[in-house]
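*Asks:* Take a look at the following structure, please.
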Amino acid sequence: MKNTLVMLGEAMLELRPHRADLLQHSFAGDVLNTAIYLQRSSKARLDVQFFSAIGTDALSDQLLAFLQHEQIGTELLYRSQHALPGLYLVQNDAEGERSFHYWREASAARKVMQCYAAEPRPSTLDGCRLLYLTGISLAMLSPVDRQQLFQLIRALKTQGCRLVFDANYRPSLWQNSEEAATACLEIYRLADLVLSGLDDQRALFGHDSLEQACDWLQQLGVKESMLKDGANGAVGDCDGQRTRVAASPVRQVVDTTSAGDAFNGGYLAARWHGLSALESARYAARLAAFVVQQPGAIVRAAAFASFDTLP
């Protein structure tokens, strides 16, 4: 039986200043970042499949080659002849905090559920043991496509698939916070593991602390959580036990773009390899600390080689 980890999200072209008159490009996206850090954290290759849609243009060809180089499976990556990848420009201040400017309204990834409906590819999803998505994955879909996704999730869960969710709330992607809260709540009620941040919980549900958010998730029936609060660490529940993990020290913050994504990828990899929630969160915190000291959402492979991976 296959043990496939499916990551549903959007891959975009990332532009960042290189010099005053030059922009450097790479590929990124919250779910894609997590998928890569999940794969890189394991010495043994995992069957990580990226569930999305891209175009048929030259940049999409480069993106496909990038995924293959990172050992991310593309069996669920659809090609659309009438759309292009989304694009964003990221800028960082002196403390490494980032701001974004997006061009993603016509992104091919928005059509992923339409592509899936036309060509389901059941052979890959039949082996799905974990499905990971975020609030951004939900926001990129139309309300109709979102309902189709919910139906797919319910079907996968009947096959033993575990659902992992990070709300990763971005207000500009939603009509309003109520729409986002309604969609996230529906996912929370299906989720087996939640990896959201306190900022998301505060904005969507009014939670003032990680402990309050964990209590709320327990009441919803979520069996495992590990909620993040940046430099204040993480708090979560697993097997009825509450875990608190301090953030790992950072000498100099260069770029916080994918700190949470890296944490999620590290945590999932460690749990997949049988580590406890506490051990997994500690590994994830060290990975996030390493990543924020490097430029870009996805650390260059040569630089990542200095970070320790799981057995």
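Each reported figure results from applying straightforward, stated rules to the coordinates on display, with no laboratory input. For clarity, every value in this text was computed on a predicted model and none was experimentally measured. When we count neighbours, we look across all protein chains shown, and the Cβ atoms used for this are built from the backbone with ideal geometry, even at glycine.
*Asks:* I'd like the chymotrypsin sites (Phe, Trp or Tyr not before Pro) in region 239-310 restricted to DSSP loop residues with at most 12 other Cβ atoms within 10 Å, sorted by number.
*Replies:* none
*Asks:* Given the -39500 (n - 2.57) contribution per DSSP H run of 4+ residues, what per-residue ellipticity at 222 nm results for the chain, rounded to the nearest 500 deg cm²/dmol?
*Replies:* Using -39500 (n - 2.57) per qualifying helix, the result is -11000 deg cm²/dmol.
*Asks:* Same structure again: Going Cα to Cα from Lys228, which aspartates and glutamates come in below 12 Å? Please leave out same-chain ones fewer than 8 positions away.
*Replies:* Asp166, Asp199, Asp200, Glu211, Asp261
*Asks:* So how strong a dipole does region 4-304 carry about its Cα centre when Lys and Arg Cβ are +1 and Asp and Glu Cβ are -1, to the nearest 20 debye?
*Replies:* Here the size comes out at about 640 debye.
*Asks:* While we're looking at this one, here's another question. Between rounded, prolate and oblate, where does region 30-187 land on the alpha carbon gyration tensor, with a ≥ b ≥ c its root eigenvalues, rounded for a/c under 1.5, else prolate if a/b exceeds b/c?
*Replies:* It comes out rounded by the Cα gyration axes.
*Asks:* Another question about this same structure. Would you list the P(r) distribution for region 91-184, with all Cα-Cα distances sorted into 5 Å bins from 0 and each bin expressed as a whole %?
*Replies:* Result, from short to long distances: 2, 11, 19, 21, 19, 12, 8, 5, 2, 1 percent.
*Asks:* Which net charge results for the neighbourhood of Gln159, defined as the other residues with beta-carbon distances under 10 angstrom from its beta-carbon, given Lys and Arg at +1 and Asp and Glu at -1?
*Replies:* Surrounding charge for Gln159 is +1.
*Asks:* So what's the net charge close to Asp200: Lys and Arg +1, Asp and Glu -1, counting the other residues with Cβ under 14 Å from its Cβ?
*Replies:* Once all neighbours under 14 Å are counted, the net charge is -3.
*Asks:* Taking K and R as +1 and D and E as -1, what net charge do the other residues with C-beta under 11 Å from the C-beta of Met113 add up to?
*Replies:* Result for the neighbourhood of Met113: +2.
*Asks:* Just check region 236-311 against the gyration tensor rule for me: Cα atoms, a ≥ b ≥ c as the square roots of the eigenvalues, rounded for a/c under 1.5, and otherwise prolate or oblate depending on whether a/b exceeds b/c.
*Replies:* Since a/c reaches 1.5 and a/b is larger than b/c, the shape of region 236-311 is classed as prolate.
*Asks:* Something else about it: Answer with one residue from Gly274, Gln175, Cys238: the one whose Cα lies farthest towards the positive end of the charge dipole of region 4-304, charges on Cβ with Lys, Arg +1 and Asp, Glu -1.
*Replies:* Positive-most Cα among the choices belongs to Gly274.
*Asks:* Hey, if you put +1 on the Cβ of every Lys and Arg and -1 on every Asp and Glu Cβ in region 4-304, which of Cys161, Gln24, Gln71 ends up farthest toward the positive end of that dipole?
*Replies:* Gln71
*Asks:* Continuing with the same structure: Can you list residues from other chains, or at least 5 along the same chain, whose modelled amide H is less than 5 Å from the amide H of His207?
*Replies:* Placed amide hydrogens put Arg202 under 5 Å from His207.
*Asks:* What are the semi-axes of the equivalent ellipsoid for region 1-77, taken as the square roots of 5 times the Cα gyration tensor eigenvalues, largest first, in whole Å?
*Replies:* 25, 14, 10
*Asks:* Follow-up. Determine which aspartates and glutamates satisfy two conditions relative to Lys157: a Cα distance under 13 Å, and not lying fewer than 8 residues away in the same chain.
*Replies:* Asp126, Asp192
*Asks:* Then there is this: Would you please name the GluC sites (Glu not before Pro) within region 66-111 that are DSSP coil residues with at most 15 other C-beta atoms within 10 Å of their C-beta?
*Replies:* Passing sites in region 66-111 are Glu75, Glu95, Glu97, Glu105.
*Asks:* What ranking do Thr4, Thr34 get, fewest neighbouring Cβ atoms within 10 angstrom at the top?
*Replies:* Listed from fewest to most nearby Cβ atoms, that is Thr4, Thr34.
*Asks:* In addition: Over region 4-304, one equal point on each Cα, no solvent: what is log10 I(q)/I(0) by the Debye formula at q = 0.14 Å⁻¹?
*Replies:* Results for region 4-304 at q = 0.14 Å⁻¹ read -1.05.
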